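Report on the following structure.
Since every read-out is calculated from the coordinates, none of them should be taken as a lab result. Because the structure is a prediction, the values reported are computed rather than measured. We place every Cβ from the backbone using ideal geometry, glycine too, and count neighbours over all the protein chains shown.
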Amino acid sequence: MKLSASNDSRDGAALSGSWAAELVPGEGSVRRAVSIARHIEQDLHANGWPFGAVCGSQHELRQRYDAGDESLREAIRVLEFNGVARMRPGPGGGLVVERPSLCLVVAACVGYCRGAYAHVPPAVTLQCVNAARASLVTVAVRVANERAVAGGGEIAARLRRLLSIPHIADFPMALATALDDPCLRLLAYVLHRLGHACGRVESSKRNDSQVADSVADSVAARKVLAAIAAGETLGAALRARILSLMDPVR
């Protein structure tokens, strides 16, 4: 498969160079490799991210991106590390497009939030995370309402199926999954991981009062889900229930 170059890949050399220099300090060859990797990833996006396709041999990629052997090898390592593509050796081999990994993106986001803001007041705290989770749920409820109005009976059916689950471990994540919205799912997973990283107590270490809070949360989550499935709009009453459910202070 031959990738068609995106406009960013053809015309954004200066932008890409500054992006690489800003994010990857070091020698010019390293920045060049990151720039090539970014161009390849841009072209994958422009071509609909053809998962499983071979987008070129090393020789073809060198010609297409005007890359030297060393720069291309480093660029491929960047792509492999980020889960974008992998090099398949042998006859008929080449750079194979990988399926995007949610886990890699979530890990990168969590690492950034914990590292970049670790010593910057106010640091990312559990209270910050829960406030963000409450905002995410209100957006998800609004999305569910809009889709229901547009005739999305499948959304209500998915929400009703969630009600059959005895214990809802993470309400924002369950709601985003039921809506099958990739952006909401990504944010929900990031906030879920950040919550654990910021000190959420693991179930094996919870005391009796914390277990009782967990059960109460699950009951409250089911009530909110039932209201959304029944078509309740995001008014003051439902918003108050969401904020109470996400409140980190017990």
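Numerical summary
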read-out: Karplus (6.51, -1.76, 1.60) ³J(HN,Hα), θ = phi - 60°, over the range 42-59, in Hz, Gly and Pro reported as x; value: 4, 5, 4, 4, 5, 9, x, 6, x, 3, x, 7, 8, 9, x, 7, 4, 4
read-out: Order of 109, 103 under a 10 Å beta carbon neighbour criterion, fewest first; value: 103, 109
